[in-house]
Structure formats: structure tokens, C-alpha cells
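Participant: Below is one structure. I have some questions about it.
What follows draws every value from the coordinates through simple rules; no lab data is involved. Only a predicted model underlies this, so the values are computations on that prediction, with no experimental measurement involved. In this analysis, Cβ positions are derived from the backbone assuming ideal geometry, glycine residues included, and neighbour counts consider all displayed protein chains.
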Amino acid sequence: VPDSATRAPTRSSELLKMPSPVKLDRRALIHNIVQGGLALSLMPGFAEAAWNAIAAEGAAAPPCILSAAQTRMIAIIADAILPRSDTPGATDVGVLPWIDLVVAEYFSDVRRAAFQADLTAIDDFALSTSGAPFTELQGEAQLAVIAGLDAACGAKDLSFAQRGYGELKELVIYGYFTSKPVQQDILQVVVVPGRFDGNVLIAPSSAT
Amino acid sequence: MKGQYDFDAIVVGSGMTGGWAAKELTAAGLKTLVLEAGGPIDPAKDFVEHVQPYEIPFRGWGDRTPLRRERPIQSDCYASDELGHKFFVNDLENPYTHPVEAPFSWFRGRQVGGRSITWGRQVYRWSDLDFEANAKDGHGTDWPIRYRDIAPWYSHVERFIGVSGAPEGLAQLPDGEFLAPMQMTGVERAARQRILKAFHGERVMTIGRVAILTENHNGRAACHYCGPCERGCITRSYFNSIGSTLPAASATGNLTLRPNSVAAELIYDAKRGRIRGVRVIDANTLRDTEYKARVVFLCASAIESVRLLLNSKSAHFPDGLANSSGTLGRYVMDHHYGSGASGSMSGFEDRRTFGRRPNGIYIARFRNVSTQHPDFLRGYGMQGGSSRKDWHRGAAMPGYGAEFKKSLISELGPWSLSAAGWGETLPHADNRVSIDRQVKDRWGLPAARIDVRWRDNERAMQRDMMTGMAEMLEAAGCTDITLAPKDNPPGHCIHEMGGARMSVTQDLGVLNAWNQAWDVHNLFVTDGACMASTACQNPSITYMALTARACDYAVGQMRRNEL
């Protein structure tokens, strides 16, 4: 996600709706989200591990930039994109605190504002297509919203909601696949290959 | 060493050319002082090529808050990332200016080793097509040398640094003394053959010629293919001065390396018509010291060397040292690069790569070699490669859920093949570096003002880079061919050249055929400032060869008491 992709501010109405950057104590945020019923969403079993991972960062962690509602939305979408299966899901490997860090400190002010406004646009999209803000929908309804947004990935001329979802998806995938558990245990990245072979035959079972 | 001198030789800069000057001069028995403006480097601590993304907070994207604050310019370079930014200067301490309408990216490394730590490592000899170009089409001034003059020095350098590559027998891209080439991928091999056939041998795709070892060489280990060379290399498998030339110089016992030493001024002795010494500011204490030597080599990088000469004014040289020609600071160039094309290649779905090859493919210049293109002079080479996308492809494709995740983990995307052009820039007097007296660096030295612009010839060439590559991709059997225009500003290629060019006569340039200042015979400039044209090849090996050649000449003159 090169920051050179910095975007122009979005519609002023969205910016007005955009929550101000709120610096919350992570532990308080975790508490609020869990108490707020996230465990009933798409990812009940995964939430605890995710929140524990955030909490483990302790007081030294940077302040949260994302609101509780935004964090909750991101968690649901992240685990819908990369759910737990025979391999860990997105929130299992700490994608949430990493996205929070990126939005807070890697994104420029303009890009952060646009990203947060686009998260609001996802809620607007859910409201218009499913009758309620995203986080107030139940599992299948949330998946329907995600399906509606995901179909546009890779396309041009995106709506604000599609753009926000696309950027979030990129963050989720990058955060997941660069995490230690995935790099070491799933991808089994060889840090020092010792040789280069430009034409390795893939075993037929795994060829695509 | 005579008593009136502190050293036989002073070398300003410890990077690509400074390391070579140090090696050659100390090997000849000269007590040599190397001045480096930046601090020392400890490879064991500072080289970070094996750090994994999960070991750093932003997974390689960079901590933008301090980067934006301290390195707003440097962080635009791919190598100045979350780990590598330490090898780039603090922009606040090292300002420069340019006209608003003429942006210039000046990426700089101030540390022992200079930019040789982060360079791209691609090394290509020039040919007489390049050395004769100025004379033939009238742009710039004729080079005072030809290929035969530098060829033995290319060999000298290649034998020491180790260059892997494949001989091709091309007149416009002479072969060197190569270690075994790195492997091309199956896609690249197929594309090479198809392109050769389609263009009747005129367009040649070869493996990149690169200063990375494919076998143990001169006490350095072969590459282990970890990938990010720009972060350093603990096994010294790619060439940089800190792992090769400076240790060789140190082994002679004749080297004094002084980090944190900012060269502020070359002190001209008008009575003797030569440089007396170098005024140095200690980067930490800001204390002034003058070091005297019989000969001075400027190897500080093109713009830094020009800036130092322009800042070294005297009654005899009111417009900058060694500037009787009035060309000092003029004819500054960089390669324009980045436009090209990409496509997908089918038929290799059962193949992948293993290891991270720190190298790509190179397509030798084919424009204006045997026929004249109607739209532009000179030519371009192309650099690129082939790959299959791994999980990175996930963000740009529809999909979510367990099966989507599984496919990103266990499957690869289609093969892509792409390349972009590196183009020759015509020399123009108005593309110049001057001094901005209103802006000073942390050490109180007036900053460079850089005004370099692309013109019609470069723009026409950039368009053809896309066309030329698309034609080759089509010939290679690619589909989904996409043109990729780029409009990188001058400087972005980090191949700054010119400003103190070599010339046939004293009135046309700053340096003679031996990189010796026409006006001040104990001054040599052997970094990119000396270049009278850019060719299209990556220039570092030419700088190195010219440096070794100039050292040999200077040592000969000193032995004959002509200096």
C-alpha cells in the first residue's frame, strides 16, 4: 500500500460524519468491544484470541486511532476475508492491532481521513442494501454486504464503500501474510535459500 | 611523504569511487587519507538484510512519522524503507533547492561506504557507440577517451569486484570478465529465444550483469539469495566499498579513514597553481581542520563534488575551482527511466522459482544502433524480469473466505513478464548545479541548487520504451499486455552525472582525459561528475574503471615528480 496512493479528501458530508481521532486505552477498547457483543458476530471463537493479542501489547502499545465501532467492523471483515480454518484466521495472528498502528502512524493525515470516511461509507452501503449499519447486522447479512463489496476488487471507478473495503482487504492480507505465525509456520519462508533455481517443477498436486 | 604534507593523497568520499581511489593509491604506496562526511558502519550491527517483516513494526512499510519529518525526500527511494533509511541522509541537515517547476530527487548516502551500500549493482560496459555519440550528433562535447582506453580498466575492476553475467558478443554492450551468470527463469529463457527470432537477433534479452558473486571470489562468499541487497550483506556477496576496496586499502597499512569529516573547501595555492589541502569540518564538533596532501581525488558523488568545487572560490577562481572553462556545474544529467510494459505468459503453470534472485533480465540497447529512429537520438536499455504472484495478488482480486485463503497460501498466480527502459539523456548546458547562498546545511556550507529538466528527446524515448517493450512481449507470446508510463523526475534514477565533464580541450570542460583538472593538476575528479554523456548503461562500473585509470596516471606523475 504505497502512501503515494494518497487520495483526495472524500465527500465533505462523509468527512463531517467521520469520527474524530479518539485516543483510547487499548484495554478499555477491548473491554468495550467484547462487552458490546462482538462475540455474537461472525467470529465468536476468534475474538478472544484477537483481543488477548492486542491486550498483550500492554501499555507500551501506541494509542488507538480507530474507534471502537471501526475496530469492530474491521475485525468482522478481516475474519470474513481470512477466517480461521485449518490455518489461523486474520485476527488470530494480530491483524487488528497492526492495522490500527498503520492507520495511526503510517497513513498520512489525508489518507487516514479518507480511509475512516470510507469505513463510514461501508456502513452507509450496509444500511442501503441490508437495512442496518454493518455491525448491527447478523452473520449472513454481513456476509452479503461483504460479497457486494468484494465483487468490485480490482475494478476501477469504485464507490467510496468499495474503495474502503478494498483498502481494508489489502491491509488484512498484508498484515496476515507478513505475521510471524504465517511466515514461519504456514508459508515456511526460507530466509536464506542458499541458491536460486528459476525453473522448479511444481508437484502436480499443488500446480495451479 | 614530504614534511610539508600530512598525506600523499586525500580522497574525498568513501563510496563507490572513493573506495577504489583508496585501494589503488594505497597499493601504490601512497599514504592516503579518506574523508567521509558520514559516520562509520558496522556491518555486524548495521546490515539488516535478514530481518523479517514481522520483526519490525510496520512490516517494511516504514515508520512514516519520523521519515516524513526527517527524510521527506529520501523516503521516496525504494531502498530508504523502514530498515534501509539509515543509509540515507537526513534531509533537514542536508538541504538543496530546485525551481518549483523543475523537481529533482537527490538521494544521498553519507556513511562509510556511501551509496555503494545501497546501489543497484547492475554493471555494464560502455562501447564506442557511447563514447563517440557526442562527437557524432553534436550534443555535448566529445569524450577525450574511447573504449580502447578504458577496456583494460573495466577488466581490472571486474576481476576484483566479481561480476556475474553472460557473454553475448554485442558491439554496443561489450562482454566483460564474468563469473557464472545467474539463472533465467523458464519464462525468461523462452522469451529470449522468441524475441531473438522475431527481431532477427537485433533485440537481445540476457541475464542482468551484476556485481554479485555466483561463486566465492577474492575472499568473499557467493550469494545466498536472501533478496534485499540494499540493506547490506553480511557475507559481502555483492560489491560495496566497505566490504571490498576499503579493506584492501586498509591491508596495505597506508590508509587513514576519517569518518564524520565534512569536506568544506579545497584550498587553492595560487602561487604554486595547485591545491594545498582540504578544509574539513568535524561533523560532530564542528571544528575546522586542514589536511595537506600532494594530490586530491574528489569521489564525493557528482553533485557533492561539483558543490565542493563551486564552494571553493578564490581570487584566481571566483566562479569555482578549476572553472576556467565556465562549464563547472553545467551539463548535469541523470538517466530517465521507468516506462515500459508488462504482460502475462502462459505455458509455465507447472513451474516456480526457488530463492530470491537479486537480479533481473537486461535487454541491450537496440534503438539507434544500426539504424536511426525518427523520433529521438541515442537509446535505452531495458531491465525487468518475470515472476508469479504469491499471496500479494489477493488484494486485487475478488474473493474471501476459507477457500480464498487456502488459494493464497498454496497456489501461485500467472507468470508475468515486464521490463522498463533506462534511457540516455542528452547533455544540455542549462541543466546545471549552482550554489544557493541563502540555504546552508547543518555545517554551514551553502547548498546546491539543481535545475535539471527532461526535454523532448527524453520524452520521445520514454514513449518508445513502452512501444518497444510491448512489441517484445507480443513476440514472446504474452497476453494482457499493459503499457506502463512513468514520469520520474530527474535524479530519481540516482545516476547523477556531469557538472565537471571530461573534454578534449581545456576550454570545453573541467577534466582532461585522465580525470585531472585542466586548471589544477593535483586535482582529480573521478565520480559521476566527470561524465560527458550518460549512455544508457548503469554507470558505476565506468566510474570505477575511470577512477582506477586516473589513480594509475596520478601515481605515475607523482613518481616522475610531475605532480
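Participant: From largest to smallest, what semi-axes in whole angstrom does the stretch B:237-293 give when each is the square root of 5 times an eigenvalue of its alpha carbon gyration tensor? Each step should come with its number before you reach the end.
Facilitator: On the way: eigenvalues 146, 53, 20 Å².
For the stretch B:237-293, the ellipsoid semi-axes come out as 27, 16, 10 Å.
Participant: Express the C-alpha Rg of chain B as a ratio against the empirical globular expectation 2.2 N^0.38 Å, rounded to two decimals. Could the numbers behind the result be given before it?
Facilitator: Details: Rg = 23.4 Å, N = 563, 2.2 N^0.38 = 24.4 Å.
The value comes to 0.96.
Participant: Follow-up. Rg and Dmax of the stretch B:336-463, Cα atoms, in Å?
Facilitator: According to the Cα coordinates of the stretch B:336-463, Rg and Dmax are 22.2, 63 Å.
Participant: Oh, and also: Among the lysines, which fall within straight-line cross-link reach of B:Lys486, defined as a Cα-Cα distance under 25 Å, with same-chain neighbours fewer than 8 residues apart omitted?
Facilitator: A:Lys156, B:Lys389
Participant: Could I ask something else about it? Using a 10 Å cut-off on Cβ to Cβ distances, tally the other chain neighbours for every residue of B:353-365 and report the average as a whole number. Each step should come with its number before you reach the end.
Facilitator: Details: counts 6, 9, 9, 5, 5, 1, 1, 0, 0, 0, 0, 0, 0.
Average neighbour count from other chains, rounded to a whole number: 3.
Participant: When the distances between all Cα atoms of the stretch B:466-563 are binned every 10 Å from zero, what whole-number percent does each bin get?
Facilitator: Binned Cα distances yield the sequence 14, 32, 22, 15, 11, 5, 1.
Participant: Step through the table entries B:Lys136/B:Lys313; B:Lys86/B:Lys406; B:Lys271/B:Lys292; A:Lys169/B:Lys406, compare each Cα-Cα distance with 27 Å, and write down the pairs that go over it. Walk me through the numbers on the way to the answer.
Facilitator: Details: B:Lys136/B:Lys313 35 Å; B:Lys86/B:Lys406 37 Å; B:Lys271/B:Lys292 16 Å; A:Lys169/B:Lys406 16 Å.
From the list (B:Lys136/B:Lys313; B:Lys86/B:Lys406; B:Lys271/B:Lys292; A:Lys169/B:Lys406), the Cα-Cα distance tops 27 Å for B:Lys136/B:Lys313; B:Lys86/B:Lys406.
Participant: Would you please report the Å³ per residue occupied by the convex hull of the alpha carbon atoms in the stretch B:12-63? Intermediate results must be reported in sequence, preceding the final value.
Facilitator: On the way: hull volume 6.3 nm³, N = 52.
So the per-residue hull volume is 121 Å³.
Participant: Largest first and to the nearest Å, give the Cα extent of the stretch A:123-208 along each principal axis.
Facilitator: Its Cα atoms span 55, 27, 24 Å along the three principal axes.
Participant: Still on this structure, I have one more. Rounded to the nearest 5, what % of DSSP beta bridges with both residues in the protein assembly as shown are antiparallel?
Facilitator: Values: 57 of 77 bridges.
Close to 75 percent.
Participant: Now a separate question. If you take the Cα atoms of the stretch B:377-528, find Rg, then find the Kirkwood Rh from the mean of 1/r over all pairs, what is Rg/Rh? Write out the running numbers ahead of the final one.
Facilitator: Numbers: Rg = 23.3 Å, Rh = 20.2 Å.
Radius of gyration over Kirkwood radius for the stretch B:377-528 works out to 1.16.
Participant: From the Cα trace of the stretch B:190-290, what convex hull volume per residue do you get, rounded to a whole Å³?
Facilitator: On the way: hull volume 23.5 nm³, N = 101.
Measuring per residue, one finds 233 Å³ for the Cα hull of the stretch B:190-290.
Participant: Could you work out how far the C-alpha centroid of the stretch B:344-405 sits from that of the stretch B:236-272, in angstrom?
Facilitator: Going from one Cα centre to the other spans 39 Å.
Participant: Antiparallel as a % of all DSSP beta bridges within chain B, to the nearest 5? Spell out each step's value before the answer.
Facilitator: Numbers: 54 of 74 bridges.
Expressed as a percentage, antiparallel bridges in chain B total about 75.
Participant: Count, for each residue of A:166-179, the Cβ atoms from other chains sitting within 10 Å of its Cβ, then give me the mean as a whole number.
Facilitator: Numbers: counts 2, 1, 1, 7, 4, 1, 3, 9, 8, 3, 5, 9, 9, 3.
Going residue by residue through A:166-179 and averaging, the value is 5.
Participant: Still on this structure, please answer the following. If each of A:Lys180 and B:Thr467 carries a label point 7 Å out from its Cα toward its Cβ, how far apart are those two points in nm?
Facilitator: 5.5 nm
Participant: Which of the trypsin sites (Lys or Arg not before Pro) across the stretch A:113-208 are loop residues per DSSP, with 15 or fewer other Cβ within 10 Å?
Facilitator: Working: sites: A:Lys156, A:Arg163, A:Lys169, A:Arg195; in loops: A:Lys156, A:Arg195.
Hits after loop and neighbour filter: A:Lys156, A:Arg195.
Participant: If you don't mind, there's one more thing I want to ask. Mind jotting down a quarter of the surface of the convex hull over the alpha carbons of the protein assembly as shown, in square nanometres, one decimal?
Facilitator: Numbers: hull surface 134.2 nm².
Projected over every direction and averaged, the Cα hull of the protein assembly as shown covers 33.5 nm².
Participant: What's the exposure ranking of B:Glu349, B:Glu230, going from fewest to most Cβ atoms within 10 Å?
Facilitator: B:Glu349, B:Glu230
Participant: Right, next: How many angstrom lie between the Cα centre of the stretch B:162-226 and the Cα centre of the stretch A:146-208?
Facilitator: Taking the Cα centre of the stretch A:146-208 as reference, the centre of the stretch B:162-226 is 30 Å away.
Participant: So what's the Cα pair-distance distribution over the stretch B:253-395, bin width 10 Å, in %?
Facilitator: Taking all Cα pairs of the stretch B:253-395, the binned fractions are 8, 23, 18, 16, 20, 11, 3, 0 percent.
Participant: What span do the alpha-carbon atoms of the stretch A:163-208 cover on each of the three principal axes, reported in whole Å from largest to smallest?
Facilitator: Here the Cα extents, ordered largest to smallest, are 39, 25, 18 Å.
Participant: What is the spread of the Cα atoms of the stretch B:264-323 along each of their three principal axes, largest first, in whole Å?
Facilitator: 32, 24, 19
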